[in-house]
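Chemist: I'd like to ask you about the structure that follows.
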Amino acid sequence: MAEASVITDEMRAAIGQESEPLTIEVDKTTIRMFARAVGYTDLIYYDEEYAKSKGYRSLPAPMGFLGNPGNPIFRPDRPPRPAYIMPFESPYKRILNGGTDVEYYEPICAGNILTSTSKIAEITERSGSIGPMLLITGETTYKNQEGRVVARFRGTLVQY
Amino acid sequence: MSDQVYFEDVQEGQEIPPLTEKCTSQRLVMWAAGSGDFYQIHYDKDFAQNTGLPDRITHGALKHALLGRLLHEWVGDQGRVKRVACQYRGMDMVNEDVICHGRITKKSQQGGENIVELEIWTETPQGQKTTPGTGVVSLPSRGQ
């Protein structure tokens with residue numbers, strides 16, 4: 001027998017609501033720190049002249065750089081996670097990262113000033129080995145200075 | 001970087017060279033700083049055990065980034081990693097190898113680009129697939 005849904009009208013109403021835009025400055029130091037953390041040895045992520053010799057405007061952002069914006073967008077006057085993730089009370093208190101999906105539509109390089117907006121794309125519920133859970137998928141779209149969409153991030157949070 | 005791989009030289013079903021990264025506590029601390037994810041289950045053993053985990057666990061997003069590095073190192077200077085998607089189905093514990101794999105599922109030409117789609121995943125040293133996903137890259141052509 002199916003259990004009663006924990007998805008409330010308030011949660012449904014939150015789906016698709018666009019966040020306020022955030023500005024993300026893609027800079028060389030953050031790219032170098034990110035690339036080092038992942039263990040990259042390719043000098044395109046560390047040496048600007050070398051990156052230019054390979055056809056990039058400056059150091060390119062490695063895959064995953066966008067979508068892990070905790071560092072670039074951190075401000076002490078904002079919550080550590082963007083408010084769009086849970087603008088409602090959840091019956092579950094524990095959180096796991098369920099999945100990540102990042103698409104780059106063109107190279108993103110240091111010097112890019114990106115504007116991102118986020119929304120909840122989907123809320124579903126499921127029962128698994130850890131019990132009943134809510135799966136909340138957020139989607140963030142990144143535009144460059146010219147207004148072109150250059151990347152899209154989708155992340156799924158599991159609450160259980 | 002390894003030798004350049006070309007679109008004509010790869011086939012559906014082919015596996016790409018795996019990438020192994022030992023996710024030591026130092027690596028997890030570097031990732032915390034590099035990504036901005038400071039959740040303590042990834043570097044504070046007492047905190048992790050108080051939440052019921054046996055020990056610290058590797059960040060899911062680090063595994064996503066390692067799958068991105070797997071593809072980047074395979075496509076070479078002239079290739080591009082366009083999409084990496086994965087699901088975190090199982091935990092990887094601190095100080096264990098995360099072994100990244102990829103297998104080509106489709107080749108196509110779209111908008112003048114040579115597109116290769118792959119099934120990608122991470123395995124534990126015991127062979128458990130903890131992070132299945134898909135990747136999309138573009139490769140240069142020998143004819144260009």
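Chemist: Return a whole-number percent for the relative contact order of chain A, with Cα pairs under 8 Å and 6 or more residues apart as the contact set.
Modeler: Relative contact order, chain A: 28 percent.
Chemist: Moving on. May I have the extent of the alpha carbons of chain B along their three principal axes, as whole Å values ordered from largest to smallest?
Modeler: Its Cα atoms span 57, 28, 25 Å along the three principal axes.
Chemist: Can you pull the percent of Cα pairs in segment B:30-83 with separation above 18 Å? Walk me through the intermediate numbers first.
Modeler: Working: 675 of 1431 pairs.
Taking all Cα-Cα pairs of segment B:30-83, the fraction more than 18 Å apart is 47 percent.
Chemist: If you don't mind, there's one more thing I want to ask. Give A:K28/B:K107; A:K52/B:K129; A:K54/B:K107; A:K93/B:K82; A:K93/B:K45; B:K63/B:K106 a once-over and call out the pairs whose C-alpha atoms are over 31 Å from each other.
Modeler: Numbers: A:K28/B:K107 34 Å; A:K52/B:K129 38 Å; A:K54/B:K107 25 Å; A:K93/B:K82 35 Å; A:K93/B:K45 20 Å; B:K63/B:K106 23 Å.
Pairs exceeding 31 Å: A:K28/B:K107; A:K52/B:K129; A:K93/B:K82.
Chemist: If you don't mind, there's one more thing I want to ask. Cα axis of helix B:60-75 to longest principal axis of chain B: angle in degrees, 0 to 90, nearest 10?
Modeler: Value to nearest ten degrees: 30.
Chemist: Taking each residue of A:90-100 in turn, how many C-beta atoms of other protein chains fall within 10 Å of its C-beta, and what is the average? Intermediate values should be presented prior to the final figure.
Modeler: Values: counts 0, 0, 0, 0, 2, 1, 5, 9, 4, 11, 14.
Across A:90-100, the average partner-chain Cβ count within 10 Å equals 4.
Chemist: Using only Cα atoms, what Kirkwood radius does chain A have, in angstroms?
Modeler: Numbers: mean 1/r = 0.0579 Å⁻¹.
Roughly 17.3 Å, rounded to one decimal.
Chemist: Along each principal axis of its Cα atoms, how long is the protein assembly as shown end to end? Whole angstroms, biggest number first, please.
Modeler: The Cα atoms of the protein assembly as shown stretch 59, 47, 38 Å along their principal axes.
Chemist: Fewest first, what order do B:D9, B:D37, B:D44 take by the number of other Cβ atoms within 10 Å?
Modeler: B:D9, B:D44, B:D37
Chemist: Determine, from the Cβ-Cβ distance of B:D9 and A:D47 and an R0 of 30 Å, the FRET efficiency 1/(1 + (r/R0)^6), rounded to the nearest 0.05.
Modeler: That pair, B:D9 with A:D47, gives E of 0.55.
Chemist: For peptide B:65-71, what's the mean number of Cβ atoms from other chains within 10 Å of each residue's Cβ?
Modeler: 6
Chemist: Here is a follow-up. So for A:V149, A:V26, fewest C-beta neighbours within 10 Å to most, what's the order?
Modeler: On the way: A:V149 12, A:V26 23.
Result, fewest neighbours first: A:V149, A:V26.
Chemist: Tilt of helix B:25-35 relative to the longest C-alpha principal axis of chain B, in degrees (0 to 90, nearest 10)?
Modeler: 70 degrees
Chemist: Among B:H64, B:H42, B:H59, which comes first, then next, by fewest other beta-carbon atoms within 10 Å?
Modeler: Ranking B:H64, B:H42, B:H59 by Cβ neighbours within 10 Å, fewest first, gives B:H42, B:H59, B:H64.
Chemist: Within 10 Å of each Cβ in peptide B:76-83, how many partner chain Cβ atoms are there on average? Round it to a whole number, please.
Modeler: 4
Chemist: Tilt of helix A:28-38 relative to the longest C-alpha principal axis of chain A, in degrees (0 to 90, nearest 10)?
Modeler: 60 degrees
FYI, it's all coordinate maths here, none of it is from the lab. Everything numeric in this text was worked out from a predicted model, so none of it was measured. We place every Cβ from the backbone using ideal geometry, glycine too, and count neighbours over all the protein chains shown.
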